[in-house]
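Below is one structure, written out as structure tokens, with a few remarks after it.
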Amino acid sequence: MLGILFRQMKRLVVDNDLETFPIGKSFRGYNGKRFGSDIRAALNVALLAIPQGMAYASLAGLPVYYGITCSIIASIIAPILSGSSYTVLGPTNATAFLVFVTMGAYSIALMPLLVLLVGLILITGAFLRIADLVQYVSRSVVVGYITGAAILIIANQMKHVLGVDLDPKESTTFVEVILGLSKAGSEVSWPPLAIGGLTATLYFTLRRLIKRLAFPATLVLVTLIAVVLKGHVTDFESIKDFSGDTFSLAQILPTMPELSGAELFNTISLLFGTALGVSFLAALETSVMSKTLAGQTGEPSNLNQDMLSVGVANVCGSFLSGMPASGSLTRSALNFASGAITRLSSVYSGLICLLGAVLLGNLVAYIPKACLAALVICVAVTLINPRSIRICMNATGSDAAVLTTTLIAALVARLDIAIFLGTAVSIALYLKKASKPHLTEYEFNQEGQLAEAEKREQRNAISIVHVEGELFFGAAELFRTQIQHVCLDPNIKVIILRLKNARHLDATSVMALEELIRFMRERERHLIISGASPEVHEVLKNSGLLEVLDDDPEIYRTEEKDRNLFLNNPFNPNLSTRDALIRAQQVIGGEDEPDIRIFFDPSKDKK
């Protein structure tokens, strides 16, 4: 029974263009050199993941071990199914903010159920190929979001470097953080500022000497220096660290989500909206990071595979003391910059996090918050790409508008709102462009050749309108209006609508066509369709529009079907237009079949 179930699940995965064990590729040709590169990157990521996980858990209003557990579980589980070799999962700024804002009124005991719902939604979305919709999110959104997130991360960490306290509830946006820092200007303390300055200086110095070990080396050296200063210099005695934030293995023992009880469905309904928002944000963050790294490495990205990996990681995390996991900007960037070669580096970082948290959990308490904050700022600065910003601002007005909207929203609102708004603007501008089909009118010129129509008082009785582009619901009204405008010319008796390059007809466009046909009939004008693809013909036939197109008893006296629609001939694309012209001549009263010839060069697909 289990074997049959496993085979069915495997078939379902394959049918949806997903892989069952993509991490297996990493073991092919794996050697000591690759292991060395991966383990060095893993060490860097782990040294950032533990304290950063603690910080994000605190930001979400959760015990710090929730963030550590999430970093461990997500880093180990996600690479097994991930489509990207460099993305590292764990708690993030945006998901932590969203959890803090939406879960403040609920008990922490509901967190496992929330994480489980997030995981199930993401897994379902992967099988439904929801991640394919991310293609409508332009790179301008990605650049704007990453830039805004990096600036927000930098601003958030400055409070630790300056040694000031900000209320987490009043510092969820960049503007709020800046206002809070300005109000707390008199509280700035020079010891953490000195630690932060020393950290940044040492980090950039070591990057020139030991680039891939600069992060852990800086963290260890500055921590040792801080410990010495705290013991011998009075001003440094009050410098803040992670004292009191310890971690033990008992804290991550399985904590099953509440799956029984009369209030289960009520609880799910309360959490579902939050779970849906977190799921969308996690999927978008992960895809953004995967696409960004894919652009630098040339590695093909499979966004649905990435969504599946995030979903499975969250499901596993829900059975432990974890918080929602997503693709981490800083840890993924650090992993790639540290020279990781395979996805095993993420697994190693999770194992190092687990080992370090258990064996050295108490030593984490000695890390100065100013030191970690300065390192996070150094990594976040590398996420800001001036060249990408310049390209987006100068490419097109739409790109500039999307980037500006996303970036401003990221600075004045929460990150989740910024990415939703940027995505909405990107899709809206895409639909605006796609909803404008290109129409070109053709007619016979004075030499008897088919050419683009000229503006003049006396026009021919037959007009050929070539339609190119999308004819879905967003374009239907504009398409109908443009054709009606052509019909207003009193000289035109027949319009041949050439749909060879028209795509994606739907119910709205069919109804617009029907309204157009009736509009023309009332004015004794007639519509003929040529160059229709089999897909277009199928839509017109299933919708019953062909019957409306052929229903003209005043002109036609036969029972012949599809008289006014001519399918495209792939071997001679202009043949359907020739046949449509013959029909048009019959409509306007020609007694003999006209001799109409349209030149077709097989090497050129002429219209």
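So the values come out like this:
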quantity: Label-point gap, in nm, between T20 and Q484 - each point 7 angstrom along Cα→Cβ; calculated: 5.7
quantity: Other-chain or far-sequence residues with amide H under 5 Å of D241's (modelled H); calculated: K369
quantity: Stretchable slack from R34 to K433, in nm (0.36 nm times residue separation minus alpha-carbon distance); calculated: 139.0 nm
quantity: Residues C392, C316, sorted so that the one with the fewest Cβ neighbours within 10 Å comes first; calculated: C316, C392
quantity: Vicinal HN-Hα couplings computed from phi for region 221-230 (Karplus, 6.51 cos²θ - 1.76 cosθ + 1.60; Hz; Gly/Pro x); calculated: 4, 5, 5, 5, 5, 5, 4, 5, 5, 5
quantity: Debye log10 I(q)/I(0) for region 32-170, one point scatterer per Cα, at q = 0.10 Å⁻¹; calculated: -0.43
quantity: Computed FRET value (nearest 0.05) for D235 with A365, which takes r as the C-beta separation and R₀ as 25 Å; calculated: 0.80
quantity: Debye log10 I(q)/I(0) at q = 0.07, 0.08, 0.10, 0.13 Å⁻¹ for region 2-429, Cα point scatterers; calculated: -0.32, -0.42, -0.66, -1.16
quantity: Cα gyration tensor category, rounded, prolate or oblate, for region 272-394 with a/c compared to 1.5; calculated: oblate
quantity: Computed FRET value (nearest 0.05) for S189 with Q296, which takes r as the C-beta separation and R₀ as 45 Å; calculated: 0.70
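The numbers here are math on the coordinates, done by the rules we state, and not lab data. No experiment lies behind these values; they were computed from the predicted model shown. Neighbour counts run over all protein chains shown; Cβ positions are idealised from the backbone, glycine included.
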